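**Q** One structure follows; several queries about it will come next.
FYI, it's all coordinate maths here, none of it is from the lab. Since the model is a prediction, treat every value here as computed from it, not as a measurement. Positions of Cβ are generated from backbone atoms using ideal geometry, with glycine treated the same way; all protein chains shown enter the neighbour counts.
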Amino acid sequence: MIKRLALLMVCILTGVSASATQIHNSVNTGSTKWAAGWGITGGQYGQFTCTTCHTMNTSNIKRIKSTITAPSGSFPGGAVVFNSMTSFGNDAGGHTTSKHVCEVCHSKNKYHNYNTTNNTGGTIHNNNADCTLCHQHNQAFKPGESPGGVSCGQCHSDLYNSASTAYSMHNGTAGINYKHYMDNDTAAYSILLPNGNSTNVTSRRCLMCHVDHDKFKVSNRAANLRVYANISTATNPKSSRTNTDITLCVSCHYSLSTKYVAGPNGETQSMQIPFQGLSFQNATTLVKTSTHGYAVLSQTFKDSSSFNATCNKCHNDTIGKNGGTGEGNKSGMNGQNGSVAGRYKFGNHMSTQNNMYSVLSNSFYQGTAASGAASTLTVSGTPWTTDQWKNFAIVITGGTGAGQRKIITTNTTSVATISGTWTTIPDGTSSFDIVKNPQQTENVCFACHSKAGQNKPSGTAGLDWYGQQPMKSNLEGIKNLFIGDTGSVTTGGAGSFTDSSKSGVWTVNKWAGYSLRYESGALAGQTRIIQSNDATGYVTLTPIIRYTEPTIAAGTNYTIFRPATHPIDDFGRHASSERISPAPGWNTGDTGSDTLQATQGSVTTINDAKRLWNANVFVNMTAYFPNLGVTRLITANGANTLTLASAVTINPGEAYYIGSSAGKRHVACADCHNSHAAQDKPEGAVTGGTTTTVVAAADGVNPRWPNNQWKDYLIRVRSTSGLEQIRYVTSYTAATGTFTVSLPFTTAPGTAGDTFEVLTESKYLAGGPDSGRAGGGSTGVWGVRVSGFSAPTLGSLAAGSSLTYTKFENSADRSGAFGGYTSNKNGQLGIGQKDLCLKCHGYYAYKTSFPAAASQMIYSTSKYRPVTETDTATEFNPYNVAHHAVFARGKNQPIRANYGSTTLTSVYNASWPMVTGTVSVGSDGAGRNGYATLSGATLPNTAVPGWFMHIGTLPGSGTAHAATTTTGWVEIIQIVDTTHFYVRRETGGTWPFVTWDTGLSGISSQTANITAGLGNAFVPPYGPWSVLRCTDCHGSSKTDPVGPHSSVNQWLIKDADVNLKFQWYNSGSVTQVSYSSVWGGARNAEKRYFCFNCHRADVYGTVAVATAKTLTVTNDAQSRLPHGIMWGQDGNHIATDMTLAFTGSGGSMPTNWPQYCRHCHGGDQMGGIHGSNLTNGPYGDAVPQSTRFLNGATWTLGFQRPTTSSLNGACYTQSGITTVSYCNKHPAPTGKTYTTTRYATYDY
């Protein structure tokens, strides 16, 4: 200080020329704002020297004159009055003149002009600050930066502002914005992680995440983040830096922490990333290797370095500084300009948007007010459409009234009206954001998972939103799985409208039955069902009962949705407590709309004819009306009514959500996907191959998985013609992307258009098949393990409350090391996709408060019957008489692996094709027994684990209807090549939870008969060995690999794959079954018959076969009961299409289910197809009616089965029309007796 003072005195006494580098003038700063320069001889204001500003005789230690005048002319602001050592300028509130030392002569700057109307950068830049911290004297006050060690708030006061009313990271007021709260701006490092408002609070500072300027300004300016927030070693000190964010973010967020201040959504805790219970190393590994773990490059810094945004690409500031194109934004909203290549900036300071989600292409507005009033804010011009921002949040981010957040109730083209009043009325200095409240997760996901020009910029086809990461086409189409189309009304009518832009684009009734939601205007948020549409864009809506539709205003935006969907919504949100500590009843509630109110009015009762609730299950829960933004306490409910504690004024068709006081019931992407852990699904284009290999070259879409990642899985190769070849993978080579299979392909893969998919649901282990696994897209999603099953009383299902529910973190982890649990082989209840689905679909989510099912039952012409969801876990109970094999293999097991058993018998159908050879079983030479060597024959190319082999002489007459009881069977569990494989046998336990012996040995040169057994009646790779996933039946289509998002079919059922071709080993050769020939020309009309995706249509018979009363179906001898028996008698009635009854034309005996199969199987009630436990039929049936899922919609507990010795069968239908069937053709006790020439193929 003494040296500087002495130097200053020398300068004052001797004078210093204008060319001295520390003098503030146009030469030293490189400024061109005045043509003749400024601060120099002949320039604006004349020549500046030291004595222009300094003098020996002054009262301040900097020796600055108390009054400074221009050497020539005058400063536009007048004479300087220097009376502060820390405040050299202040734009807050605006001014037309100034005497501050850093404002008095400025008239053309971005900030701090004498008159703030000249500012081009706003009025919030470092007010009341010491400007020399960044604009240093020895650099002629040129814009500079901190040398390091300087309190960050001196320059970054827009982020760190100590004023209690400031909109900043330091503001401790809850509910205003989402931020990393800053306790102080100390320029010092810490490795202590803060937690709440009492643990390591002072660690909440800029250098918790950043390195100081002295570290990054020297080179690679993009590397301004610390590597870790909580680690410091000799080789990795606190100030180690990086230009990416992943390790820094995870070092804090892998552990559970409490927020210092709650955001607007009220959450008090930060969810752990990717989920709780992981070590930092495992958490980092999962995030880095996830499908979203790639980095996006920022725009370059001034030294040409770039930042790699991994976390920040989805979580970014909304700080935009209200600038225009080319403005030097810090980060966030205006730095996410997808229309300007490379103009991406990233930061994670604070945001007006929940979860600090990136704005991307979502609805968002940022600007400066023109004026304000008690409950309004006005902008210049007319930038908005009417009610464009209704129910959005408006946040004052700067100027007058900063730090206020309100909800917009309505808006005109320039005026936003808020709920309530402003505490401080905004004015022309007030900057603000308008943001969706909350922004739903799916809109962030759709930014990438949509087609170019939808939610992401044009020109990004095949790429992510930023145009940097390749994407698979089917993953780009996720939005289209939910949303059929969007548009705007051209001409509106009452209950109808025309969108002329769709003329020639739509086909007649393309959208009939689909849902339509209004997105703007007076009807915003309301939904209707489309009754019909034509090819010119004219739409007719199904009217609401007792309600006269208003005229739909031109310009109203709308969205068309698929009729069956997991209903992602605008209003639900995820609270961190849901994942951290869920409990039974965690997601109770429902959603719907009032169907009674004909005009706007005040009510205390909501009526919804589409509901069917149990009485008073929602008492003391909250009804939320999203279009009104209000909530009401529920005091009672009936089957379709809600009684509210106080009145609410609703409109016709008013939407409501029922949820707990802590939140609202929701469905969102994050229920089934963890974006921080999701793994890429092994599928894509085939680029080459041989008869034993499949090559999928890396192309940015097909990644490089580790060597042998997919060993022991099945791979399905599908040609453009629909032919599927399924083989067992013995190795995977990462370097070339090559899958090697154990059995040769009939047609070598590699033809243009061939695709592959690794069937990740089935992995084959040394102990046998391990099926039903969740796919990689569900990695990291929490689930519930259901246990405690026992045999329920015959005639009823178990109570959901009798089961045990254990929450776990990762539905895709069968090792137990990454949040899942270890799969119990030997048929026990292993981890699987079911654990993900059952956290919502059943007792664990709802307890006794079951909501109405989204799909309703048809019960008469053009009418629907509401039904409630069912307790899915109890339906899939493996101890039920019948259950689809979700928790364990199914009950229908004619062949059991009973080699060496004296008590366990098997039955086989002599029509099942077999391969006969000689086998020896022993060691594989590496110490593992159960190794079979086949001679005199080879395995069929179509063999998969689960096939059976009989060892020894196989008895039987060989006639089609004479099956034989046998022992001597083993199960194939792994396939090495055409003559080598591993086998196992049962040794104890009770089906399906049996124990297995995989160490069989000492068998030499015995006769071997190999068959798929009952698997011959299934589409490969399904069979009696299968454990299923929910998505085997539920989803968009059989060939859509992206899951159960939505469907054109009721109950979110998949389409039947009517173009399927598969291979079948049939008596000495591999043949091809083509559904195009099985179905014929009717196949496109029969997509709803999803049963045939697993159960062969050529074995059981299509609608056309049944209607024609065909006595013999092509391959029906492969099933136990040849279905031609029934088709030949009453097939024309059984196969009546449900749609005919729905439209009131044709057909008199349909079932009210979309599949005629359910006349006989699984149709007696909602959920009956999942599992059933009915008692014996009263009309001569010797086994429970539910056996073989004969709990049909049409039976009255009666169906007598044919046998191998009797040609007679009988059925007894309902005596009248019921809620599930129109068929009453053969009522009990008379029934209908079938006498045919077809016996059952085996008795079992």
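**Q** May I ask you to derive the relative contact order of the range 442-565, considering only C-alpha pairs under 8 Å and at least 6 residues apart, and to give it as an integer percent?
**A** Averaging sequence separation for qualifying contacts and normalising by length gives 27 percent for the range 442-565.
**Q** Please list 3J(HN,Hα) in residue order for the range 749-762, calculated via the Karplus relation 6.51 cos²θ - 1.76 cosθ + 1.60 where θ = phi - 60°; whole Hz, with x for glycine and proline.
**A** After applying 6.51 cos²θ - 1.76 cosθ + 1.60, I find x, x, 5, 3, x, 5, 10, 10, 8, 7, 7, 5, 6, 10 Hz.
**Q** Still on this structure, please answer the following. Name the residues whose placed amide hydrogens come within less than 5 Å of the amide hydrogen of Gly592, ignoring near sequence neighbours (fewer than 5 apart) on the same chain.
**A** Amide H neighbours of Gly592, under 5 Å, 5+ apart: Tyr656.
**Q** Something else: What is the sum of charges, Lys and Arg at +1 and Asp and Glu at -1, for the other residues whose Cβ falls under 11 Å from the Cβ of Met56?
**A** Spelling it out: positives minus negatives among the neighbours equals +2.
**Q** With +1 on each Lys and Arg Cβ and -1 on each Asp and Glu Cβ, how big is the dipole of the chain about its Cα centre, in debye rounded to the nearest 20?
**A** It works out to roughly 1400 debye.
**Q** Here's a follow-up. Scan around Gly689 for amide H atoms under 5 Å from its own, H built in the peptide plane at 1.01 Å from N, and keep only partners 5 or more places away or cross-chain.
**A** Val695
**Q** Starting from the amide H of Gln439, placed 1.01 Å from N in the peptide plane, find each other amide H under 5 Å away whose residue is 5 or more places distant or on another chain.
**A** Asn354
**Q** Where does the chain land at 222 nm, in deg cm²/dmol rounded to the nearest 500, when only DSSP H runs of n ≥ 4 count, each adding -39500 (n - 2.57), divided by all residues?
**A** -2000 deg cm²/dmol
**Q** While we're on this one: Show me, for the range 789-802, the HN-Hα J-couplings you get by feeding each phi into the Karplus relation (A = 6.51, B = -1.76, C = 1.60, θ = phi - 60°), rounded to Hz, glycine and proline as x.
**A** Residue by residue, the range 789-802 yields 5, 8, 6, x, 4, 4, x, 8, 8, 5, 7, x, 5, 7 Hz.
**Q** Could you check the simple spin-label distance between Thr551 and Ser787, using points 7 Å along Cα→Cβ, in nm with one decimal?
**A** 6.6 nm
**Q** Here's another thing I want to ask about it. Does the chain come out rounded, prolate or oblate, given a ≥ b ≥ c as the square roots of the eigenvalues of its C-alpha gyration tensor, rounded meaning a/c under 1.5 and, failing that, prolate meaning a/b above b/c?
**A** Prolate is the answer for the chain, as a/c is 1.5 or above and a/b outweighs b/c.
**Q** Through the Karplus equation 6.51 cos²θ - 1.76 cosθ + 1.60, θ set to phi - 60°, convert the phi angles of the range 23-28 into ³J(HN,Hα) values in whole Hz; use x for Gly and Pro.
**A** Once θ is set to phi - 60°, the couplings for the range 23-28 become 6, 7, 7, 5, 5, 6 Hz.
**Q** If each residue's Cβ is checked for other Cβ atoms within 10 Å, how do Val80, Val201 rank with the fewest at the top?
**A** Listing Val80, Val201 from fewest to most nearby Cβ atoms yields Val201, Val80.
**Q** Can you tell me how much longer the chain between Thr55 and Thr268 gets when fully stretched, taken as 0.36 nm per residue apart minus their C-alpha distance, in nm with one decimal?
**A** 71.0 nm
**Q** Filter the chain for me: DSSP H helices, axial length by Cα at least 15 angstrom, mean Kyte-Doolittle hydropathy not below 0.5. List them by residue number.
**A** Sorted by number, the helices that extend far enough and score high enough are 2-14.
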